[in-house]
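Please read the structure below before turning to the comments.
The values are calculated or read from the model by the stated rules, or taken from the named source; none is laboratory data. What you are looking at is a predicted structure, and each value in this text was computed from that prediction instead of being measured. Methodologically, a virtual Cβ is constructed for each residue, glycine included, from the backbone with ideal geometry; neighbour enumeration extends over all protein chains shown. We work out accessible area using only protein heavy atoms, side chains counted, and drop any ligands, DNA or RNA first. Shrake-Rupley method; radii C 1.70, N 1.55, O 1.52, S 1.80 Å.
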Amino acid sequence: MLGKPVAHSLSPVLHQAAYDALGLTGWTYERCEVDADGLPSFVAGLGPEWAGLSVTMPGKRAALEFATEVTPRAAAVGAANTLVPIDGGWRADCTDVAGVVGALLAAGGFGDGSGGPGVVLGAGGTAAAAVAAFADLGLAKVRIVARDPVRAAPTAAAARGLGLTVEVLRWSDVDWRALAEKSAALVSTVPSDAVSEHIADVVRAPCLLDVIYHPWPTPLATAREASGGALATGLDMLLHQAFGQVEQFTGRAAPREAMRDALRAATGDILPLPLI
């Protein structure tokens, strides 16, 4: 895994569990402190023994720009969290999209998309992955809520590029209850304190993903559980995005239950982490 900082990452737990379950003795997955500026030279210096790289912040855009081949979903999001060696270079992908899709479907509450638009709180890199996930799930419209609508421009552009109708809303102008109740799914990518005064309304969404999972539980998660509604979390997203990385690195089906069980153990069994 490349990023800075990466000491906190749980990805090694997932990948090593996968390699062990697949009988890939000798395979390892390590954390490497590499920032965006250092990513090109680091990757260019790797030998043929490397099967793939996970990329976290701040290097996701640098990974996309470095790659010689880019998958459609990475191009749509404008960032890559996965690099896989190919003849003559590296292929960039963004399995974060599958992470959001898997988390929402595993949690439950998502219908056929006819109930309304997808809603994203925030406008960073995870928000772009969320709008791509909404497109994969068959939604036609997305609402992006940001304190500064100008900052939402890249995410809005990504959504339009995927064929979604886009509405960008200023945080201070939102009718929060209506926003949540009329959504097909709501993804919060913002810190817990940012949404604190609107929690009672946000939890009314039929399908909810709170990408923040540390410290746990978040106030949003506590309120959602009290309401009896299903909740997807950042740990669910992390788990489901890792499946695709393992499959691209190894060429074999990801051992999903082994990976899920390892993540549960590493996090004190705080979440059920359902699979789809």
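Residues of segment 1-49 that are polar (S, T, N, Q) and open to solvent by less than 30 Å² (accessible area, probe 1.4 Å): Ser9, Ser11. Does Arg224 satisfy the criteria of being in contact (Cβ under 8 Å) with a residue 60 or more places away in the chain and among the charged types (D, E, K, R)? Considered against the rule, which asks whether it is in contact (Cβ under 8 Å) with a residue 60 or more places away in the chain and among the charged types (D, E, K, R), Arg224 comes out as no. Asp148: over 24 Å from Ala76 (Cβ atoms) and open to solvent by 40 Å² or more (accessible area, probe 1.4 Å), yes or no? The answer is no for Asp148. It is to be established whether one or more residues within segment 135-145 are at pLDDT 95 or above, open to solvent by 50 Å² or more (accessible area, probe 1.4 Å), in a helix (DSSP H, G or I) and over 15 Å from Ala107 (Cβ atoms). Checked against the condition, which is being at pLDDT 95 or above, open to solvent by 50 Å² or more (accessible area, probe 1.4 Å), in a helix (DSSP H, G or I) and over 15 Å from Ala107 (Cβ atoms), segment 135-145 yields at least one hit.
Every condition in (1) over 24 Å from Leu139 (Cα atoms); (2) open to solvent by less than 10 Å² (accessible area, probe 1.4 Å) holds for Leu209 except the one numbered (1). Here is the figure for segment 221-232: residues that are crowded, with 23+ Cβ neighbours inside 10 Å and touching a helix residue (DSSP H, G or I) at 6+ places or on another chain (Cβ under 7 Å) total 2.
Among residues of segment 243-272 being among the hydrophobic types (A, V, I, L, M, F, W, C) and under 29 Å from Ala180 (Cα atoms), the one that is least open to solvent (accessible area, probe 1.4 Å) is Leu271.
Of all residues assigned to segment 248-263, at least one qualifies as being under 18 Å from Ala98 (Cβ atoms), in contact with a Pro (Cβ under 9 Å, 6 or more places away or on another chain) and free of Cβ contacts under 8 Å to residues at least 40 places away in the same chain. Within segment 5-34, the set of residues being in contact with a Leu (Cβ under 9 Å, 6 or more places away or on another chain) and either at positive phi or of a type in the set (D, E, K, R) (or both) comprises Arg31, Glu33. If you take the residues in segment 151-201 that are of a type in the set (Lys, Arg) and more than 21 Å from the chain's Cα centre (by Cα), which one is surrounded by the most Cβ atoms within 10 Å (Cβ to Cβ)? Step by step, filter segment 151-201, then rank; the result is Lys182.
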